[in-house]
Amino acid sequence: MTHACAPHASTHRQPGAPAHGARVHRAALRLAGRARRWVGHAALLGLLLPLAAGAQSLWFDQHGQPSPAAHEAVQWLAQAASDGLRPADYDAERWARALDGRAPVPAERVAEWDAELTQTVARYLQELRHGRVDPARLGAHYDSETAPAPELETLLRAGAASGQLAEVRRAATPPWPQYAPLREALARYRELAGHPAWDQPLPGVPGGKLQTGQRWPGLPALAERLRALGDLPAGAADAPEAYDAALQDGVRAFQARHTLDTDGVLGRATLAALAVTPAQRVQQIELALERLRMTPLPAAARFITVNVPEFMLRAWQHEGGAARERLAMRVVVGKALDTRTPLFDEDMRWIEFNPYWNIPRSITRNETLPKLRANPGYLAAQGMEFVGPGGERSSTVTPELLEAVESGAWRVRQRPGRLNALGDIKFVLPNNQAIYLHHTPSVSLFNRARRDFSHGCIRVEEPVELAHWVLDDDAEWPVARIRASMGQPRTLTARLATPVPVLIVYRTVTVQDGRVHFAPDLYGQDALLERTLAQRPQQAVRAEAPRRAS
C-alpha cells in the first residue's frame, strides 16, 4: 500500500539516518526478541530434564502429597479468566481434581505429574506475560529494544522450591500501566454480564434520533442502562417521562466513553453502542489485555504510543520502575477503507520545520494529475511545483511535463506554506513504509469523534508540545524557537539528541481517570485476533492433566 503522506525516496533519508546495516541489526533484534518470547515447548523442556535425572520433586512431598505451592499454582490456572485467559487451555479443572488430596500420588508417577504440572504452569506464565499470539501474525511488527523480561522458568523453579510463588506471579504480569486498570474493568463488566437492563432491546426511536423534551417508551430502560454503566448522574429519575437534561448528561458521558460525538442526541450510532451487552464488552476487554501482553514495552527512557482506534497519542517516561504518561493529544490516522496506518515501531530521529510534501505517485496519478489536466492553475493555487530527476524545478503546466509526471520521470511536490498538507512541522521516524507524524492545516478534523481521514500518516493536534517533549528540553530548542521556526518559507531540521521510539498500537479499550473507554474495531484487528486465538490447535496449547486412577 502506498500512503499519501509518503515522502519521495530522495528526501526520506538524511545524513545520520539509519543505513541498511542498522535496519538489518534491528531485524536481528526483532528475531532474537521473538525467539526469547516464543519459547514454546522446546524451551520448557529444560524444566523437565533435571527431574527426569532424579532431582527432587517441585510440587510433591516424599509421600506423594501436593505441596501448598502446587495448590497455589493450580489456583492460578483456575483463575486465568481474570486476566482474559482461558482456564481450559491449562486443564485447570482436571488439575484441581487431580490434586484434590484424597489420595497421594503413586511414587512411580510423581516424576510424570511433577513434569507435566511444571510445563503447564510455565506455559501459563509465559502466555500471561507475553501473550498467546505472535503480533507478526496480525500484521504488527515491533523490533525496538525492549525492557528486560524476567526469566520466568528460573523464577518458577526457585519459587516452587521455596514455597514462595507470589513474586513469580508478579513478574509474569505485563508491565504496561494500562494492564491493571483493564484487569479491573474486566472484573467489573463480568459482574454486569446478565444485568436485566439488557434483557430487552431498546425500542426504535421515531425519526431516528431523540432530542431534548421528547417522550419515548424506552426512557426507563435507557436510564437503567446508563445507571448500571455509571454514566447517569446521581439524582436522575428512575422512570423519566421525557428526555430531560439529566438523561442527556448521562448520554453525553456514555458518548464520551464510546468514541462518539458528545452531542447528547440519542441517534443511530449511540443506540448501537448502547445495544452492546456487558458480556460483549467482556470479550472486547479480553482482547485489549491480549494486545498489551503481545506488545513489548520499550527499554528507552522515553517513548511514544499512537493507539489507532482510540485516535490518541501518548508520550511516556520511565520513572521509579514504571512507565508514566507525560503527554496526550488527539491524532488523525489512516482511513479504514483503503489507507490504513500500519502497526509497527521505529525511532523518531529528527523534526522538519516547514517541510516539503513530496506527493507519492499513487496520489499524483489518482488525484493531482486529473486536477491539473482539468485546471492547470491548480498547481500554483496549491503551492506546488514539478521536480525533475536532477532536482530541476518548474511551475509551468505543459503536456510534456504532465506526461513526464505520469511516467514517473518527474514528480510533484508542495512547497512549505499554509496550504502544505503536512502543516508546518513533520516528525521523522525513518521506515520502509514511509509513515511519519505531522501537523495539518485541517485542524477542524481533531474535533471529530472518529478521526480516520489520512492516507496512512499520523496528524498530531499539538505539534509544539510534542516537539518540545521529544527534544527533551534541549537548550537550543526552547518553545519560543520552536514556534518561531514554524510558518517560515524554508525548511529547518532539528535533530533529537536521543532517538525516541514510536509504537503504533491497536487497542479498542482503555481506562482513563478510572473510566472505561471503548472504541470501534476500526480496522477489524479485534476480529482478526479473536479468529487467530480460536484457530490455535488445542494439541499445541494444552497438555492433558494426569487422571487419578479410580
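Side notes on the structure shown:
- Approximate spin-label separation ALA527-ARG227, in nm, with each point projected 7 Å along Cα-to-Cβ: 3.6 nm
- Rh (Kirkwood; distinct C-alpha pairs) - segment 265-322, Å: 14.4 Å
- Here r is the Cβ-Cβ distance between SER444 and ALA78 and R0 is 56 Å; the resulting FRET efficiency, rounded to 0.05, is 0.60.
- A straight Cα-to-Cα reach below 19 Å connects LYS335 with the aspartates and glutamates ASP261, GLU310, GLU367, ASP452, GLU461, ASP521, ASP526, residues fewer than 8 places away in its own chain not being considered.
- Cα-based helix-to-principal-axis angle, 219-229 vs the chain, degrees rounded to 10: 70 degrees
- Each residue of segment 278-293 is assigned a 3J(HN,Hα), and the resulting list reads x, 5, 5, 5, 4, 4, 5, 5, 4, 5, 5, 5, 4, 4, 5, 5 Hz, derived from the Karplus form 6.51 cos²θ - 1.76 cosθ + 1.60 (θ = phi - 60°), x at Gly and Pro.
- Solvent-accessible area, 1.4 Å probe, carbon plus sulfur percent, for segment 242-309: 54 percent
- Most to least accessible of ARG225, ARG252, ARG531, ARG215 (protein chains only, probe 1.4 Å): ARG215, ARG531, ARG252, ARG225
- Taking segment 282-432 and dividing mean pair separation by its residue count, relative contact order in percent (alpha carbons under 8 Å, at least six apart): 23 percent
- Counted residue by residue at 0.36 nm each, then reduced by the alpha carbon distance between them, the extension gain from ASP472 to ALA534 reaches 17.9 nm.
- Filtered trypsin sites (Lys or Arg not before Pro), segment 339-410: DSSP coil and at most 10 other beta carbons within 10 Å: none
- Evaluating 6.51 cos²θ - 1.76 cosθ + 1.60 at θ = phi - 60° for every residue in segment 339-354, the Karplus couplings come out as 9, 6, 6, x, 9, 6, 9, 6, 7, 6, 10, 7, 10, 10, 8, 6 Hz, glycine and proline recorded as x.
- Residue list for segment 408-433, given a label point 7 angstrom along the Cα-to-Cβ vector of SER394 and an amide N cut-off under 20 Å: 408-415
- Gain on full stretching of the segment that runs from SER162 to ARG515 - 0.36 nm per residue minus C-alpha separation: 123.1 nm
- Rounded tilt (10° steps) of 40-52 against the dominant C-alpha axis of the chain: 30 degrees
- Mean separation of Cα contacts under 8 Å, 6 or more apart, over the residue count of segment 92-233: relative contact order %: 17 percent
- Once backbone amide H atoms are built at 1.01 Å from N, GLN214 has TYR243 as its partners under 5 Å, excluding neighbours fewer than 5 places away on the same chain.
- Reciprocal mean inverse distance between Cα atoms of the chain - Kirkwood radius, Å: 26.8 Å
- Label separation (GLN214 vs MET329): 3.8 nm, computed from points 7 Å beyond Cα along the C-beta direction.
- Probing with 1.4 Å while keeping every protein chain in the model, the per residue accessible area of segment 355-478 equals 44 Å².
The values are calculated or read from the model by the stated rules, or taken from the named source; none is laboratory data. Since this is a predicted model, take the numbers as computed values, not measurements. Note: ideal-geometry Cβ built from the backbone for every residue, glycine included; neighbour counts use all protein chains shown. The accessibility values were calculated without ligands, DNA or RNA, using every heavy atom of the protein model including side chains. Shrake-Rupley method; radii C 1.70, N 1.55, O 1.52, S 1.80 Å.
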